[in-house]
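The values are calculated or read from the model by the stated rules, or taken from the named source; none is laboratory data. Small disclaimer: the values here were computed from a predicted structure and weren't measured. Note that each Cβ is placed from the backbone with ideal geometry, even for glycine, and that neighbours are counted across all protein chains shown.
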Amino acid sequence: MDTPTHLFEDWRAIIASMSELDAKLAMFKEASEDIAAQSVAGRFDKSTAVDELLDQANVSGLLQEVGQIEIERIVGECFTRLQAKPKSNGKSLPPMLMASPYVPPVVANIPRRAWLYGGHYIRDVATATVAPGGFGKTTLTLYEALLMVSQGLRVWYISGEDPKVEIDRRIAAHCQHHGINLNLLNGNKGKLFVDDRASFPFFIAKSPRAASVLFDDKLLFEFEAAITMDSIDVVMLDPFVSFHAVPENDNGAIDAVCKRLGAIAYRQHCNIEISHHVRKSAPGQVAITVDDTRGGGAIVNAVRSSRVINRMSSAEAERAKIAQDQRSSYIRLDRGKRNMAPADEANWYHIVSVILSNGDNVQSLEAWQFPKARTVERAYTDWLKQTVAANQYRSSSRSPDWLGIAVAKHFDLDLNEKNDCLFVTRAISGWIKAGVLIKVIASDAARRKREFYALGDGQQPRHEIIDSGFDYENGD
């Protein structure tokens, strides 16, 4: 079969002359019909036709503007219609596309979302974790890889930055710290797969010129074939920037790259997780969200789930009673595309140092719980009633007989600490609001009129648990 170079060049020139997207797309559809028809007629093989059409879409920018999946659909439908025509009747019209009436399925038969781990990793899609450099993305990624392997999942970690020997150190640190026997965990066939740029030089795409994306189809094919061969459940690309050469501020280009990974994840019924950096923080910025993701917003919009890593802030360290020089070893992980959970609801981790038998000092990770907010429970209300009934307590915090001193002692708090003092005063306010306490004027030991606390009219608190109104974590 020959290759009609002039035919291809003519269509390229026609499409290139179009400036409006709609006109360009319409002309591409005509080119697809023409080239597919001549291929079906036997003038050249189908693979040549498909390669030419995909290249035309890429060069003209259509691949970036409408997406890889839509272009492949247009080309595929041309061949499907033409090949479906009866050869004996060249005048047969191709079947018309029609809108599909919606028939509600049986709800119980709708497949459930295939979550894999941690409310983040899910089959059929790409996901992302973003954080500044040095915040523990790699440490977290390897920690979660081992946890998923321990649950029977098959995980493939590809490092685009560190050589495999460094990854070996990090995995060894996790195994040593958590008492993991990886040989036993991995089994005979292996569940954890690890590569670096030398052992698997994976690359997705580059941008040879503005508004264009040139995918490395050979490597993408080998990447997908490897996922199929080893029945991979989760692929981890760390960091994302090492696997492409597309301008990160080009939303169209980045979207095309992420969508290509998403298409592979969908076909292979797996998850592809990317680790990505954030842009430089603004002056005075305490916490980052996924809106701070470096480059265009297409990354966050293209993935199914996105998370962000923050180091413990100075205020959080004060509330959790962590030394300020130690707070950088505590990181919080917020799930959700843009939501930041309260401190005691976020997922926290502690970065620890592990000394390996070869003498290396390597990071590992362990789960950590932020101290929960204190609440004034019913049992404490019963204690208060007994205490106030047996003693006379002043309402003034300047008095040595202030009720707050007894409350602080009972809760083992330090009134010299701002948060502890606020908790005590809010607790007393909560009891007053609930009617458990009232303020009265009475004589002290020197027969001077002073304001004291007394029990209320005997009514029970309105709630089983009386919240002091003070959020112990947020300090307000």
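A few remarks follow.
- Considering segment 269-314, and only residues there that are assigned to a helix (DSSP H, G or I) and β-branched (Val, Ile, Thr), the residue that is surrounded by the fewest Cβ atoms within 10 Å (Cβ to Cβ) turns out to be VAL300.
- For segment 272-309, the tally of residues that are in contact with an Asp or Glu (Cβ under 6 Å, 6 or more places away or on another chain) and of a type in the set (Ser, Thr, Tyr) stands at 1.
- Checked against (1) closer than 30 Å to VAL257 by Cβ; (2) at pLDDT 80 or above; (3) of a type outside the set (Val, Ile, Thr), ALA108 meets all criteria but (1).
- Any hit, segment 246-253, residues being over 23 Å from SER159 (Cα atoms) and in a helix (DSSP H, G or I): yes
- Residue within segment 31-49 that is touching a residue at least 24 places away in the same chain (Cβ under 8 Å), closer than 18 Å to ALA210 by Cβ and not assigned by TED's automatic domain parsing to the domain that holds LEU214 present: no
- Any hit, segment 450-470, residues being modelled with pLDDT under 85 and in a strand (DSSP E or B): yes
- Odd one out for VAL40 among (1) more than 29 Å from VAL246 (Cβ to Cβ); (2) at pLDDT 85 or above: (2)
- When SER60, SER88, SER100, SER47 are screened for being farther than 30 Å from ASP250 by Cα and at pLDDT 80 or above, only SER47 passes.
- Across segment 214-243, the number of residues qualifying as touching a residue at least 24 places away in the same chain (Cβ under 8 Å) and not β-branched (Val, Ile, Thr) comes to 16.
- Residue satisfying condition, being assigned by TED's automatic domain parsing to the domain that holds MET312 and modelled with pLDDT of 80 or more, within set GLY435, GLY359: GLY359
- Considering residues of segment 192-245 that are under 17 Å from ASP162 (Cβ atoms), of a type in the set (Asp, Glu) and not in a loop (DSSP other than H, G, I, E, B) only, the residue modelled with the highest pLDDT: ASP195
- When residues of segment 50-82 are limited to those that are acidic (Asp, Glu) and without any contact (Cβ under 8 Å) to a residue 60 or more places away in the chain, the one surrounded by the fewest Cβ atoms within 10 Å (Cβ to Cβ): ASP51
- Among residues of segment 193-205 that are without any contact (Cβ under 8 Å) to a residue 40 or more places away in the chain, those with a beta-carbon under 6 Å from a residue that is of a type outside the set (D, E, K, R) and in a strand (DSSP E or B) at least six positions away or on a different chain give the pairs PHE193/TRP156; VAL194/TYR157; ASP195/ILE158; ASP196/SER159.
- From ILE171, ILE122, residue being under 22 Å from TYR330 (Cα atoms) and at pLDDT 90 or above: ILE171
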